[in-house]
Amino acid sequence: MDDKLKNALDFANYAHVLHNQKKLIKQKFIDNCVYYYNAGKFSITQDLIVYCLTYKQKTCILLDDNNIPIQIDNLDGFTNEISQVYDNAKEQYFEEYKKLTSNKSVKGLLDE
Amino acid sequence: MSKGCLVFAFNNEKIDYIKQAIDLSRRIKKYLDVPTTIITDKKIISEDFDQIIVIDKNFYSSKKTYHDGNTNERLTFYNAARIQAYKLTPYEETIVLDSDFIICNDNLKKCFLQNNSVCMYDKSFDICSFRQTQEFTWISDIGCKFYWATCTYFKKDNQAKLFFDVINHVYENYSYYKRLYQINSNLYRNDFSFSIAAHILNNYQKGNFVGDMPDTMYYSLDKDEILSISNEEILFLTNFGKKNLAVKTNKHNVHCMNKYSLEKML
C-alpha cells in the first residue's frame, strides 16, 4: 500500500477511536452531574448553580428533571453541594480530556 | 428499609451464569455496599451471596442464538424467571441485575434516594457510538418505548406489585402481545414484556409510571469482544460493518452481551 494512503488510514482510525472515547467521557461527565435532593433528581448545570446563587431567599422550590416541585429547605447548603458535585465532575472530565487529546496514537489512547 | 440486589443465574449447556453472578456480587459489595441474593436452580455454596434461592428453571426456558464475535450457536435461554422478581426478593428496595452487567462505579446507589416505585433505563449508550441503535429506542417500528430489563429498581409496594402483575400477564399472553406490538422476534424477551407493562400502566401513552435511573446504560453487543477487564476499566474490540473499533471504558457500568467473551475474562 502506498505510504501516504497508509498514513491517512492510520490517522482515520486514530481519529475514529479518539472521537468515540471523547463521547464516552462526555457522557460520563453528564452522569456524574446527577444529584438527588429530597427524592428529586437534578442534573446539575451552570444555569442551575447560577439560579441558586442569585436567588435571594433561604429556601425555595425547584423543579427537578421530571418537573416535580421539590422544596429546598437550605438553599445555601444545596448550592454548595451541587457546586461541589459539579466541580468534581468537571475536574475529572478535564483531566481525562487532557490525557486523551495528548495521545497521538490508538495505543496511547487506550493505554492512558 | 432493607436494600439489596437480586441476580438471576441459570447455567445452560455452555454459559456459566453463576460464575458471572459471583463476580457481579463482589462488585455490588465493593461499589454499592448492599447484599446480593442469587436466584438459581441448584444448591451452591458461596459466601458472596446474602441468600441463595433455588427455583425450577425449566419452566422458563426458550432457545436463543448466542453470538461470539462472528460465530454463533443455539442454546437454551432461561430468562423469564425475572417476572418473579417481586415475589422472590427478600428486600424492601431491590435492584435486579443481569449477571452480565459489570459495575464499575457507585451511581446505582442513587436509586435508593428517590421516590419512584419502579425505575428502569430508557436512555442507553452504545460504547461504539457509530452504530445505529433504533432497536433499543422502540420495541418495534410501531411499538412503544424500549426499557431495559437488564437493571431494574423497585420498591416492595402496591405500585411495583401492579407492575409485576402486568408483566406476568404479558408473559402468559405473550403471543397476543407480540402480535399487538408487532414484535418480529419469536424469542421471549424481558425487555419487551417490561416495556409493554410500562406502556399499559401509562394508559397506552407516554408517561412517568417508570422513573429514570440515575445514569445512562452503557452496553456492548454480542459481536463485540472483551479484551481485558480490571476493577474500573474494560477494553473492547467492537465491530461495526466490516470494521473494528477499540474502545476503553473507565468507571462506566457496562452491560456486556457477549457472554463467551465475558466468561473468558472472569
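What do you reckon, is B:Asn11 among the polar types (S, T, N, Q), touching a helix residue (DSSP H, G or I) at 6+ places or on another chain (Cβ under 6 Å) and over 23 Å from B:Leu108 (Cα atoms)? Taking the combined requirement at face value, the residue satisfies it. Of the helices (runs of 4 or more DSSP H) contained entirely in chain A, those carrying at least 2 residues that are more than 11 Å from chain B (Cβ to nearest Cβ) and more than 23 Å from B:Asp126 (Cα to Cα) fall at A:3-32, A:46-54, A:75-102.
Within the range B:188-200, the set of residues being in a loop (DSSP other than H, G, I, E, B) and either among the β-branched types (Val, Ile, Thr) or buried (at least 21 other Cβ atoms within 10 Å of the Cβ) (or both) comprises B:Tyr188 only. If the condition is being within 12 Å of chain A (Cβ to nearest Cβ) and touching a Phe, Trp or Tyr at 6+ places or on another chain (Cβ under 8 Å), then the range B:224-241 contributes B:Leu227, B:Phe240. Each residue in the range B:1-42 was checked for being basic (Lys, Arg) and assigned to a strand (DSSP E or B), and 1 of them qualify. Just one residue in the set B:Ile44, B:Ile18 is under 17 Å from the mean Cα position of the chain (by Cα) and aliphatic (A, V, I, L, M); that residue is B:Ile18. Cβ separations smaller than 7 Å between residues 6+ apart or across chains give the following pairs from the range B:186-210 residues that are charged (D, E, K, R) to residues that are surrounded by 21 or more Cβ atoms within 10 Å (Cβ to Cβ): B:Asp191/B:Phe146; B:Asp191/B:Tyr147; B:Asp191/B:Trp148; B:Asp191/B:Ala149. Taking the range A:30-80 as the range and being touching a Pro at 6+ places or on another chain (Cβ under 6 Å) and either among the hydroxyl-bearing types (Ser, Thr, Tyr) or surrounded by 12 or more Cβ atoms within 10 Å (Cβ to Cβ) (or both) as the test, only A:Val34 passes.
Scanning the range B:203-233 for residues that are within 14 Å of B:Lys251 (Cβ to Cβ), surrounded by 18 or more Cβ atoms within 10 Å (Cβ to Cβ) and acidic (Asp, Glu) yields a count of 1. Residues in the range B:1-46 that are over 25 Å from B:Leu113 (Cβ atoms), basic (Lys, Arg) and in contact (Cβ under 8 Å) with a residue 12 or more places away in the chain: 3 in all. So in the range B:242-266, with the set limited to residues that are under 16 Å from B:Asp100 (Cβ atoms) and free of Cβ contacts under 8 Å to residues at least 60 places away in the same chain, which one is nearest to the other protein chains (Cβ to nearest Cβ)? Among residues in the range B:242-266 that are under 16 Å from B:Asp100 (Cβ atoms) and free of Cβ contacts under 8 Å to residues at least 60 places away in the same chain, the one nearest to the other protein chains (Cβ to nearest Cβ) is B:Met265. Tallying residues that are touching a helix residue (DSSP H, G or I) at 6+ places or on another chain (Cβ under 7 Å), assigned to a loop (DSSP other than H, G, I, E, B) and within 14 Å of chain A (Cβ to nearest Cβ) within the range B:131-163 yields 0. No other residue among A:Thr54, A:Thr59 is more than 26 Å from A:Asn20 (Cβ to Cβ) and touching an Asp or Glu at 6+ places or on another chain (Cβ under 9 Å) apart from A:Thr59.
B:Ser185 meets the conditions (1) farther than 23 Å from B:Met257 by Cα; (2) of a type in the set (Gly, Ala, Ser); (3) assigned to a loop (DSSP other than H, G, I, E, B) in every case but one. The failed one is (1).
No lab work stands behind these numbers, since they all come straight from the coordinates. Every value quoted in this text rests on a predicted model; they were computed, and no experiment measured them. A quick note on method: Cβ atoms are made from the backbone with ideal geometry, for glycine too, and the neighbour counts reach across all protein chains shown.
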